[in-house]
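Right, one structure below, let's go through it.
The values are calculated or read from the model by the stated rules, or taken from the named source; none is laboratory data. Bear in mind the structure is a predicted one, so any value in this text is a computation, not a measurement. Positions of Cβ are generated from backbone atoms using ideal geometry, with glycine treated the same way; all protein chains shown enter the neighbour counts.
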Amino acid sequence: MAEIETAKRVEERSVESSASAVEWGAIFAGGLAAIGITAILFTLGPGLGLSTVSPWSLRNPAPTTFGTAAVIWMIVTQWLASAFGGYLTGRLRIKWVGIRTDEVLFRDTAHGLLAWALGTIIMAALVTLGSAATAGVVAAAADAAPSTASATAEAAEQARKAAIAFSFATSLSLVIGAFVAAAAGALGGFHRDEA
């Protein structure tokens with residue numbers, strides 16, 4: 001009878017390093033660039049919006065139209081800033097040699113996503129600080145003014161509806177912004193490797 005040989009496993013040497021593939025310098029640069037673009041576009045938006053309104057005209061847009069345009073501008077701002085920050089992160093990351101193409105694509109995408117996350121966390125902290133300061137001023141003004149119960153209940157219902165719409169629009173914008181930043185990171189990495 002013939003003997004059956006069993007296959008022996010041969011160890012392969014890994015080409016990849018055991019060190020972390022995350023490059024925080026590129027991520028911080030992309031996140032800060034996204035915050036800068038956000039600041040620029042947020043200051044441009046009110047200028048564009050106020051240019052459509054005139055105190056001497058009777059044909060000004062309705063407040064709902066004005067609010068819708070503001071929400072659209074905020075969403076576009078978030079997407080553009082995410083794309084710029086993600087792309088910059090992908091371009092600034094060090095080029096890896098000897099790594100599979102799909103792994104490089106994943107790492108570039110992850111770097112774009114991390115830059116988006118960092119920029120979003122910093123912007124959320126800044127907005128929270130600004131909102132807390134504004135809420136304190138509004139609360140002080142509300143204590144000084146006389147109140148009417150029916151007007152307060154109606155205003156509270158309108159504020160609740162506006163908060164719901166804002167919450168949904170913001171959530172959708174953030175999810176799409178994360179995708180845009182990740183795709184832009186991959187595109188930036190592709191352009192880096194192409195050069």
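A few notes on this one:
- Matching residues, segment 96-120, being of a type in the set (A, V, I, L, M) and either exposed (fewer than 11 other Cβ atoms within 10 Å of the Cβ) or within 15 Å of Val180 (Cα to Cα) (or both): Val97, Leu105, Ala110, Leu113, Leu114, Ala115, Ala117, Leu118
- Of all positions in segment 158-176, at least one carries a residue that is modelled with pLDDT of 80 or more, over 28 Å from Leu92 (Cβ atoms) and among the charged types (D, E, K, R).
- Candidates Thr52, Thr89: the one that is assigned to a helix (DSSP H, G or I) and of a type in the set (S, T, N, Q) is Thr89.
- Residue within segment 9-29 that is modelled with pLDDT under 90 and closer than 18 Å to Ala124 by Cα present: no
- Qualifying residues in segment 156-169 (those that are aliphatic (A, V, I, L, M) and within 20 Å of Ala70 (Cα to Cα)) - the one surrounded by the most Cβ atoms within 10 Å (Cβ to Cβ): Ala169
- Single match in Gly47, Gly67 (criterion: within 19 Å of Thr170 (Cα to Cα) and surrounded by fewer than 20 Cβ atoms within 10 Å (Cβ to Cβ)): Gly67
- With respect to (1) outside any helix (DSSP H, G or I); (2) surrounded by 10 or more Cβ atoms within 10 Å (Cβ to Cβ); (3) modelled with pLDDT under 80, the lone exception for Gly136 is condition (1).
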